[in-house]
Amino acid sequence: MNRNLKSVGQSVAAVVFIVLVSLVYRVMTMDPSYMPAQASTISTAALTAQIPDGAQDVDMVRRGQYLVRVGDCASCHTMDGGAFLAGGLALNTPFGTIYSTNLTSDVDVGVGRWSADQFYDALHHGKSMSGQNLYPAMPYPYMTQTTRMDSDAIFAFLKTIPAAHVQARSNDLPFPFNVRLLVSGWNAANFKEGEFKPDPSQSEAWNRGSYLVNGLGHCAACHSPKSVTEGDKSGHAFQGGTLDSWTAPDLTGNTRTGLGSWNADDIVEYLSTGRNAHANAGGSMAEVVAFSTSIMTKPDLEAIATYLKALPAGPDVTATAADAGAMKRGAEIYSDACSSCHMADGKGQPRLFPPLPGNAVAQQNDPTGVLHIILAGDRTAPTDVRPSPLAMPSFGWKLTDREIADVSTFIRNSWGNKATSITESQVAKLRKTLQLGTDTAKEPTDTNPPSAPKATTVGASG
Ligand code: HEC
Ligand code: HEC
Ligand code: HEC
């Protein structure tokens, strides 16, 4: 075959495969079943258990235990009701199912059979023990920044986890999604491997924050917008992303959609307790708070805050003034359905019912998160400091798509808030994705259902 033609053919094939592979990734990360196991069923005990003074490699093991919190490994590697870190959590896609792996010390199926080098290859290069590509559902594109010393510490801790002989189920993915080699195409387009390099022009706290946020913490996996191949969109870091039908808000200095009006203490309080004067942590942030940030040290949370507060403000999206009719109808619905908790002036009761004026979740350019909360309800992450789980009731059964659109438009454009208006079809589309019925006459038996539906959602909204 003509050489040029062959290479053109190869490039075309490569592009097709990148798209196919990224499709798998896209669906996996957006599928509600990607939602890690519910907070109530994984215990944080093993993440916080005191490692006795005399234990082997005690300092290293303690450090590794802490880093497992930072990386939120438990959320994905622990199955609902299963043994700690024994894997098996199913990530459903319309093409098939992928399972997380066993990270316990088991010598047949867990880390007991690995070397520290192989473990480092998984975090650093995205390779399995046998050297095959891992799917980027494992956040190696971020965890690649982990230093060798930290990788070895995590490995040392994992080797102390009681063996649970849970065979990793083989992924149920049909051709071509089962061809791991094709992930190389995705990697070529999206994966920059390399350990964290400190920036000497920045403070120690900023550098520590950068290491935690961009490395093990993989905050950008949710908070950065994605490109067509589902890599992080370059030049738009932390400007907000959407997955699992939730919106992970802008974390830049933008005062309307981002953290511009939060000070560093506000960020620390939110990450450690799940609440502050501005917002409550719900949606897919609830697990991050429960299994990761709420059990991190204060200096590390302060370092994260230092890093986030230094992010330049992302751009504002211009919104045309909301329709007066929609605002009037929305105000009436608000007064009936919402003001009992969020109060007539929207100010709510900070740390119980989040205030809506200036609220970033309410004002994201992508309204998926705010519509999700109103349609399906939501729970605030319970933490040691604030253990009571607060719930926002679901309104999907009570309000029509038109009414939810109007009340959303109203809260997005009142009390100084400004954001695009919501259409009825946006609500209808998300209602369908969340598999909520349209029967507004029937009250659900549980008015506060779990925030994510259990069934697989195909082609979730973008
Ligand atoms: C967002 C979910 C998620 C998080 C968070 C996560 N993982 Fe994973 N991990 C996965 C999935 C899914 C796989 C399987 C990927 C595959 O089959 O290609 C995996 C695979 C792995 C593997 C490869 C295992 C093998 O047999 O080759 C290792 C090692 C690993 N993870 C370690 C970790 C550690 C350590 C952490 C925390 C620092 C972590 N993971 C956090 C989802 C996650
Ligand atoms: C699995 C996805 C996911 C990951 C990973 C994640 N977040 Fe979030 N985050 C969200 C979602 C979704 C929300 C919105 C929560 C809500 O609607 O109540 C959020 C909210 C927040 C907020 C509050 C924003 C506001 O204006 O109300 C902060 C601050 C935050 N996250 C910081 C972080 C940091 C720091 C990390 C990394 C350590 C991180 N997040 C990792 C999904 C994620
Ligand atoms: C029974 C009390 C209650 C009622 C009634 C209520 N909410 Fe909420 N709302 C809450 C709680 C609690 C939260 C925090 C849940 C979480 O952590 O996501 C919340 C969260 C929110 C948020 C997200 C704010 C953030 O920072 O994450 C928005 C937006 C919101 N409510 C709008 C509404 C609208 C619109 C209505 C009426 C249709 C309404 N709420 C009715 C209690 C209520």
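The values are calculated or read from the model by the stated rules, or taken from the named source; none is laboratory data. This one's a predicted model, so the numbers in the text were calculated from it and none came from an experiment. Cβ: placed from backbone, ideal geometry, glycine included. Neighbour counts: every protein chain shown.
Quick grid of which residues meet (1) farther than 29 Å from Ser272 by Cα; (2) within 16 Å of ligand 2 (Cβ to nearest atom); (3) buried (at least 23 other Cβ atoms within 10 Å of the Cβ):
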{"site": "Pro355", "(1), (2), (3)": "no, yes, no"}
{"site": "Pro367", "(1), (2), (3)": "no, yes, yes"}
{"site": "Ala376", "(1), (2), (3)": "no, yes, yes"}
{"site": "Pro393", "(1), (2), (3)": "no, yes, no"}
{"site": "Arg402", "(1), (2), (3)": "yes, no, no"}
{"site": "Thr420", "(1), (2), (3)": "yes, no, no"}
{"site": "Gln426", "(1), (2), (3)": "yes, no, no"}
Within the stretch 220-229, restricting to residues that are out of contact with any Pro (no Cβ under 6 Å at 6 or more places or on another chain) and not basic (Lys, Arg), the one that is surrounded by the fewest Cβ atoms within 10 Å (Cβ to Cβ) is Val228
Has the stretch 339-348 got at least one residue that is surrounded by fewer than 20 Cβ atoms within 10 Å (Cβ to Cβ) and within 25 Å of Thr318 (Cα to Cα)?
-> yes
Gly217 vs. criteria within 22 Å of Gly314 (Cβ to Cβ) and not in a helix (DSSP H, G or I) | yes
Looking only at the stretch 254-262, decide whether some residue is of a type outside the set (Val, Ile, Thr) and either away from ligand 3 (no atom under 16 Å from the Cβ) or assigned by TED's automatic domain parsing to the domain that holds Ile154 (or both).
-> no
Could you list all residues from the stretch 286-304 that are within 16 Å of Leu216 (Cα to Cα) and within 9 Å of ligand 2 (Cβ to nearest atom)?
-> Glu287, Val288, Val289, Ser292, Thr293, Met296, Leu301, Ile304
Tell me which residues, restricted to the stretch 230-246, are more than 17 Å from Leu308 (Cα to Cα) and surrounded by fewer than 18 Cβ atoms within 10 Å (Cβ to Cβ).
-> Lys233, Ser234
Applying the selection to the stretch 129-155, what residues are without any contact (Cβ under 8 Å) to a residue 12 or more places away in the chain and either among the hydrophobic types (A, V, I, L, M, F, W, C) or under 18 Å from His77 (Cα atoms) (or both)?
-> Met149
Residues being more than 10 Å from Ala381 (Cα to Cα), small (Gly, Ala, Ser) and not in a loop (DSSP other than H, G, I, E, B): count how many of those fall in the stretch 256-293.
-> 2
Do we find a residue being at pLDDT 85 or above and of a type in the set (D, E, K, R) anywhere in the stretch 438-453?
-> no
Find the residue count for the stretch 329-356, including only residues that are farther than 20 Å from Lys398 by Cβ and either basic (Lys, Arg) or away from ligand 3 (no atom under 11 Å from the Cβ) (or both).
-> 3
Do we find that Ala376 is under 18 Å from Gly282 (Cα atoms) and modelled with pLDDT of 95 or more in this structure?
-> yes
Taking the stretch 293-320 only, how many residues are surrounded by fewer than 19 Cβ atoms within 10 Å (Cβ to Cβ) and small (Gly, Ala, Ser)?
-> 3
Considering only residues of the stretch 98-128 that are among the aliphatic types (A, V, I, L, M) and over 12 Å from Ala86 (Cβ atoms), which is nearest to ligand 1 (Cβ to nearest atom)?
-> Ala122
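Restricting attention to the stretch 225-240, does a residue exist that is in contact with a helix residue (DSSP H, G or I) (Cβ under 6 Å, 6 or more places away or on another chain), farther than 24 Å from Ser261 by Cα, not aliphatic (A, V, I, L, M) and not in a loop (DSSP other than H, G, I, E, B)?
Yes, there is a match, as at least one residue in the stretch 225-240 is in contact with a helix residue (DSSP H, G or I) (Cβ under 6 Å, 6 or more places away or on another chain), farther than 24 Å from Ser261 by Cα, not aliphatic (A, V, I, L, M) and not in a loop (DSSP other than H, G, I, E, B).
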If a residue has to be farther than 22 Å from Ile374 by Cα and touching a residue at least 40 places away in the same chain (Cβ under 8 Å) to count, how many in the stretch 227-250 make the cut?
-> 9
Pairs returned, first residue in the stretch 109-120 that is under 9 Å from Phe155 (Cα atoms) and touching a residue at least 12 places away in the same chain (Cβ under 8 Å), second residue that is of a type in the set (Gly, Ala, Ser) and surrounded by 15 or more Cβ atoms within 10 Å (Cβ to Cβ), beta-carbon separation under 7 angstrom, 6 or more apart or interchain, are Val111/Ser105; Phe119/Ser151; Tyr120/Ser151
Are any of the residues in the stretch 169-182 surrounded by 16 or more Cβ atoms within 10 Å (Cβ to Cβ), closer than 22 Å to Tyr211 by Cβ and among the charged types (D, E, K, R)?
-> no
Sort out for me the helices (runs of 4 or more DSSP H) sitting completely within the stretch 321-372 that have 1 or more residues that are more than 16 Å from ligand 1 (Cβ to nearest atom), over 29 Å from Gly437 (Cβ atoms) and in contact (Cβ under 8 Å) with a residue 12 or more places away in the chain.
-> 360-363
Tell me, yes or no, whether the stretch 164-172 has at least one residue that is in contact (Cβ under 8 Å) with a residue 40 or more places away in the chain, within 16 Å of ligand 2 (Cβ to nearest atom), closer than 30 Å to Pro225 by Cα and assigned by TED's automatic domain parsing to the domain that holds Asp59.
-> no
Please go through the stretch 400-420 and pick out each residue that is over 18 Å from Trp246 (Cα atoms) and outside any helix (DSSP H, G or I).
-> Thr400, Asn413, Ser414, Trp415, Gly416, Asn417, Lys418
Based on what the data block shows, is Gly110 within 25 Å of the chain's Cα centre (by Cα), within 27 Å of Arg69 (Cβ to Cβ) and crowded, with 21+ Cβ neighbours inside 10 Å?
-> no
